[in-house]
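To keep things clear, I will list the structure first and then write my remarks on it.
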Amino acid sequence: MSGITSVNGGLCAVVLIGLFVGACTAPQLASVRVGAFKPTAYQEKPSYSFQGPATGYEDEKIDDRTYKIGAVASEVTTQDQTENIALVRAAEIAGANGYTHFTVIEKKSGVICEGPAANPFVDLKVQLRKADEAAPLGKSYEASDVMRTKGLDITRTDGSKEGKKRAYIANLMGCNTGVQQDPAKMKIED
């Protein structure tokens, strides 16, 4: 089923099953899509999804101290929120294995671009360590500090229409330009 939708006085052609047909500006498309999605909650990534990429975190143990942690979020979740999901998971793994710190030794982030969907992702490779052990090269974190600060951040996502719209447009711009935008600094005009 398809149709032409009026969004803030402008016409935007969409297919109601979620496929983009054309003629929408990013703010118009965002206005259509933000009602259908919410920022990704902290959750394990399911093995399947009926609508776009499955969202949440996943991890893989490489050795006793090294893990790969990935997070994929909904298109209305910011890149920072997506990274916080991965960092909180790293902190949980550190604590569960008797370590107090972890170091991000590799990081890849970006946007999965499929049709009108623009889902942010973060892939981390982390090494666990105790406080008195030397840190490898990379950004180091104290697990309890991450849980205290980032743990709160992931529960305080901006689920307002404006917040979701800013996140979606920033992610969509990442698809179009390859450069991730800071949603807080964006001026959005409908």
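For the subset of segment 66-75 comprising residues that are in contact with a strand residue (DSSP E or B) (Cβ under 6 Å, 6 or more places away or on another chain) and either of a type in the set (Val, Ile, Thr) or crowded, with 17+ Cβ neighbours inside 10 Å (or both), which member is nearest to Arg129 (Cα to Cα)?
Thr66
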Just to be sure, is Val104 within 17 Å of Glu58 (Cα to Cα), free of Cβ contacts under 8 Å to residues at least 40 places away in the same chain and crowded, with 18+ Cβ neighbours inside 10 Å?
yes
If a residue has to be closer than 16 Å to Cys113 by Cβ and either at pLDDT 90 or above or among the hydrophobic types (A, V, I, L, M, F, W, C) (or both) to count, how many in segment 55-76 make the cut?
3
Hey, does segment 98-105 have a residue that's over 14 Å from Gly151 (Cα atoms), among the polar types (S, T, N, Q) and out of contact with any Asp or Glu (no Cβ under 7 Å at 6 or more places or on another chain)?
yes
Filtering segment 117-144 for residues that are touching a helix residue (DSSP H, G or I) at 6+ places or on another chain (Cβ under 6 Å) and outside any strand (DSSP E or B) leaves a count of 1
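The values are calculated or read from the model by the stated rules, or taken from the named source; none is laboratory data. Keep in mind that what you see is a predicted model, and the values were worked out from it rather than measured. Cβ: placed from backbone, ideal geometry, glycine included. Neighbour counts: every protein chain shown.
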